[in-house]
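Chemist: Sharing a structure, written as structure tokens. Questions coming.
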Amino acid sequence: MAILTLVFGRDILGTFEINKAKMIVGRAEDCDIVIDNLAVSRHHVIIEKKGSDLTVNDLDSNNGTFINGQRITGPTALTFGDEIGIGKHILAFDSHSKRSKLDASTLGEAQPDMDSPARGTMFVEPDKMDKMQKKVAATFKAHLKVVGTSSPNGLISLEKTDTIFGKSGDCDIKIKGVFASRHHAILSRVEKGFQLMNLAILSPTRVNGLRIEGTVYLCDGDEIAMGRSKFIFHSQC
């Protein structure tokens, strides 16, 4: 299941299933995803679905639309893990169907800049918006250092919402070891930082030498062991 998660700062404001051929995002009440903030145009961006392909296109908004911090100038393909920047908000594109939807009572409240749906869109200078989007996109930046190597390939940037470890060809990071599982663990970027979930049985994931049964939140400097592979987690949060 493909979903969009609306994030403001470190608060998740809601999740939306991509279940239509076209979805409009903006400040107007008739949008499929409403973002009540003056930096967002009434009809800001359109997300179109054709088969399994998705594209994002800005609707001539005042402040533009960004993918992973880069301003888009036309229809742009959307891939899992991408983050759509709209004003100070992020729509994270995710396919992790195991993640439960948030109860409405737990959702945070956006902190708008003098918001009122009846007012016009607040214009932000393009250079300021570009800088703001790069800052927003970097809110949860982190990487893994592969233990035992000093090559440039020894640093793995965690750009996606979900990073899957294992021996299977569809995994993002391959794991070594006879007892390593096809899908060994999943590292997810969530509202509180980064969360690691063990999926293995024969050779469970360990953090700082301790076996994890379910999920744990990672801290800067934690050592992760899976099969014969080891990583050091570094976060800039």
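The values are calculated or read from the model by the stated rules, or taken from the named source; none is laboratory data. Remember, predicted model here, so these are calculated numbers, not experimental data. Note: ideal-geometry Cβ built from the backbone for every residue, glycine included; neighbour counts use all protein chains shown. Each accessible area value is taken on the protein alone, full model and side chains, heavy atoms only, with ligands, DNA and RNA left out. Shrake-Rupley method; radii C 1.70, N 1.55, O 1.52, S 1.80 Å.
Chemist: Can you name the condition, by its number, that residue 183 falls short on among (1) assigned to a strand (DSSP E or B); (2) open to solvent by 10 Å² or more (accessible area, probe 1.4 Å); (3) at pLDDT 90 or above?
Modeler: With (1) assigned to a strand (DSSP E or B); (2) open to solvent by 10 Å² or more (accessible area, probe 1.4 Å); (3) at pLDDT 90 or above applied to residue 183, the lone miss is (1).
Chemist: Starting from region 169-187, take each residue that is free of Cβ contacts under 8 Å to residues at least 40 places away in the same chain and list its partners that are open to solvent by 70 Å² or more (accessible area, probe 1.4 Å) and not hydrophobic (A, V, I, L, M, F, W, C), counting only C-beta distances under 6 angstrom and pairs at least six apart or across chains.
Modeler: 182/167
Chemist: Could you please find all residues in region 169-202 being under 22 Å from residue 8 (Cα atoms) and among the hydrophobic types (A, V, I, L, M, F, W, C)? Steps first, answer last, please.
Modeler: We begin by selecting, within region 169-202, every residue under 22 Å from residue 8 (Cα atoms); these are 187-195.
Of everything in region 169-202, those that are under 22 Å from residue 8 (Cα atoms) and among the hydrophobic types (A, V, I, L, M, F, W, C) turn out to be 187, 190, 194.
Conditions (1) open to solvent by 30 Å² or more (accessible area, probe 1.4 Å); (2) over 22 Å from residue 190 (Cα atoms); (3) of a type in the set (Val, Ile, Thr); (4) at pLDDT 95 or above, marked per residue:
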position: 7; (1), (2), (3), (4): no, no, yes, no
position: 14; (1), (2), (3), (4): no, no, no, no
position: 28; (1), (2), (3), (4): no, yes, no, no
position: 46; (1), (2), (3), (4): no, yes, yes, yes
position: 51; (1), (2), (3), (4): yes, yes, no, no
position: 58; (1), (2), (3), (4): yes, yes, no, yes
position: 67; (1), (2), (3), (4): no, no, yes, no
position: 71; (1), (2), (3), (4): yes, yes, no, no
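Chemist: In region 39-79, how many are in a loop (DSSP other than H, G, I, E, B) and either over 17 Å from residue 93 (Cβ atoms) or among the hydrophobic types (A, V, I, L, M, F, W, C) (or both)?
Modeler: Total satisfying the criteria: 15.
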